[in-house]
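Worksheet for the structure shown next.
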Amino acid sequence: MMQTATSTIYAPPLGMKQAPPDPARASVGHLLSKAYSLPCSTATQGFTQLVPPMKRFQVALDVLLPLLYAPAEPAQRILVSYILYSLYAPHPIAINPFQSALLATFVKEREAAIRVAVDGGVSENEQLVWVLWKILRGDGSDIGPFSPSTLARSPLPPKLRAANLTLEDEAERTRSDLNGATGADAEAQVTPEQDEERQRLSDAMTLLLAARDRVLTLSEQRILLPALPQLTSRPVITPMDLPSLISYNPSIAHPLFAALLSSCAASNRDPTLYLEVLRYLPPILPSFDIMGRLLRDPTTVLDIATGGKTTIADLVRTEVLGWFLHECINWLDRAEEDERAGEVSDDRFAKGVQNLCRFFTSLIKFSIIDPASDADSAEMAHFTLRNARFEEAQLLYRILVTGQF
């Protein structure tokens with residue numbers, strides 16, 4: 001039978017020498033202080049490498065468990081929760097010796113978060129409650145790829161706030177305690193449909209966080225895409241997360257940006273931070289793909305210049321496109337200098353020139369840019385002339401000069 005997560009403080013008799021500090025415990029303390037920016041799974045691997053198998057339960061009991069209960073930073077408690085879960089991950093959570101401690105913390109922090117929400121605030125432990133909910137449902141493996149600091153600062157959609165998170169056995173206990181409640185009272189509990197919807201949204205949020213670090217499969221994209229409006233009503237990811245997401249998953253970047261810009265219009269938020277990301281994207285194919293899609297998107301959004309309504313296409317055309325092209329040219333100029341200095345050995349400069357010229361040609365073809373307008377094309381004409389050794393630049397320069405394809 002597994003031990004349970006309880007411990008007794010032992011004081012040695014007077015005059016007896018205390019044992020020297022355990023180096024494993026000291027190493028674990030050092031690991032915890034440095035691991036908040038690492039994936040949770042990596043921190044667990046570090047723990048298992050530092051602590052011999054026969055000592056892991058006791059070290060977890062003495063070092064980790066007090067941190068779970070302590071009023072510490074959410075990132076620290078998230079990390080501790082994951083390690084306590086993952087030490088016994090091959091087994092069902094129900095027989096994890098720390099399951100009762102994780103459940104007690106979940107219930108306590110959820111109730112505290114609900115009290116804060118009733119007063120109109122948001123508890124700093126909302127994300128901890130969600131992580132514990134995932135672990136106690138048996139979905140703790142979903143947490144592994146993300147760092148505690150990322151999880152602690154990622155806002156939650158309303159349906160995943162603490163007040164809406166319940167566990168299946170908890171719901172069963174609640175129903176058994178109704179003692180003659182009416183059918184209407186029973187229906188007031190969480191329904192299977194609501195629980196399924198909550199799980200769907202939680203899975204989608206996990207995939208959105210993962211999309212910053214890897215390419216999503218088609219089946220994962222089908223789970224994520226329908227949930228984007230809910231995940232962007234209170235954005236789960238920050239603007240700094242978007243460049244890597246675009247690079248890995250350009251196919252979901254367009255609907256994500258459309259949802260983010262639409263949510264700004266619905267909540268009267270300023271979309272400038274998201275537009276700023278687009279302005280500084282590098283001249284690579286995923287960047288041109290999302291820019292092309294956004295420049296043809298008719299979705300209605302907030303016009304930041306007038307406060308009225310406009311479309312995503314017009315907003316990106318007026319607020320992003322010129323700046324984006326200018327920054328692409330600057331990026332390629334720097335890449336050419338690095339190439340001449342021998343600092344890079346790849347073909348990023350040549351590929352970038354070719355892709356930028358093809359992109360600009362398509363903008364003319366779709367009447368997004370007027371080649372006869374100096375404001376639209378002067379900088380690009382100068383760029384293509386400087387790089388006329390590339391066929392794509394020659395063709396584009398000829399179009400800009402003659403106005404004909």
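The values are calculated or read from the model by the stated rules, or taken from the named source; none is laboratory data. A quick note: this is a predicted structure, and the numbers were derived from the prediction, not measured. Because the Cβ atoms are built from the backbone with ideal geometry, glycine has one as well, and the counts that use them run over all protein chains shown. The area values use the complete protein model at the heavy-atom level, side chains included, leaving out ligands, DNA and RNA. Shrake-Rupley method; radii C 1.70, N 1.55, O 1.52, S 1.80 Å.
Counting only helices (runs of 4 or more DSSP H) that fall entirely inside segment 123-201 and contain at least 1 residues that are open to solvent by 30 Å² or more (accessible area, probe 1.4 Å) and either of a type outside the set (S, T, N, Q) or modelled with pLDDT of 90 or more (or both), the qualifying elements are 148-153, 168-176, 183-187. For segment 63-79, filtering for residues that are free of Cβ contacts under 8 Å to residues at least 40 places away in the same chain and open to solvent by less than 10 Å² (accessible area, probe 1.4 Å) leaves 2. When restricted to residues that are of a type in the set (Asp, Glu) and within 27 Å of the chain's Cα centre (by Cα), segment 80-119 contains 2.
Table: residues versus (1) in a helix (DSSP H, G or I); (2) out of contact with any Phe, Trp or Tyr (no Cβ under 8 Å at 6 or more places or on another chain); (3) farther than 17 Å from Arg137 by Cα; (4) at pLDDT 85 or above.
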{"site": "Arg56", "(1), (2), (3), (4)": "yes, no, yes, no"}
{"site": "Pro66", "(1), (2), (3), (4)": "yes, yes, yes, yes"}
{"site": "Ile78", "(1), (2), (3), (4)": "yes, yes, no, yes"}
{"site": "Leu84", "(1), (2), (3), (4)": "yes, no, no, yes"}
{"site": "Ala104", "(1), (2), (3), (4)": "yes, yes, no, yes"}
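Looking across Thr206, Thr272, Thr238, Thr232, one residue alone is polar (S, T, N, Q) and over 14 Å from the mean Cα position of the chain (by Cα). It is Thr272. Scanning segment 89-115 for residues that are within 23 Å of Lys159 (Cβ to Cβ) and of a type in the set (A, V, I, L, M, F, W, C) turns up Ile93, Leu102, Leu103, Phe106, Val107, Ala112, Ala113, Ile114. Residue under question is Val401, and the condition is that it be over 29 Å from the mean Cα position of the chain (by Cα), open to solvent by 80 Å² or more (accessible area, probe 1.4 Å) and among the β-branched types (Val, Ile, Thr); does it hold? Answer is yes for this residue. Do the conditions hold for Ala113, that is, is it assigned to a helix (DSSP H, G or I), at pLDDT below 90 and surrounded by 15 or more Cβ atoms within 10 Å (Cβ to Cβ)? It is false that Ala113 is assigned to a helix (DSSP H, G or I), at pLDDT below 90 and surrounded by 15 or more Cβ atoms within 10 Å (Cβ to Cβ). Which pairs do you get when a residue that is more than 18 Å from Ala113 (Cβ to Cβ), found in segment 129-140, comes within reach of a residue that is of a type in the set (Ser, Thr, Tyr) and modelled with pLDDT under 95, reach meaning Cβ atoms under 9 angstrom, with the pair 6+ apart or on two chains? That search, which allows pairs on different chains as well, returns Asp139/Ser202; Asp139/Thr206; Gly140/Ser81; Gly140/Tyr82; Gly140/Tyr85; Gly140/Ser86. So which residues in segment 86-95 are modelled with pLDDT of 90 or more and surrounded by fewer than 17 Cβ atoms within 10 Å (Cβ to Cβ), if there are any at all? Selection gives nothing.
The lone criterion from (1) touching a helix residue (DSSP H, G or I) at 6+ places or on another chain (Cβ under 6 Å); (2) closer than 24 Å to Asp376 by Cα left unmet by Leu242 is number (2). The criterion of being among the polar types (S, T, N, Q) and touching a Lys or Arg at 6+ places or on another chain (Cβ under 9 Å) does not hold for Ser345. How many residues, within segment 131-160, are of a type in the set (Ser, Thr, Tyr) and more than 24 Å from Pro229 (Cβ to Cβ)? Count: 3.
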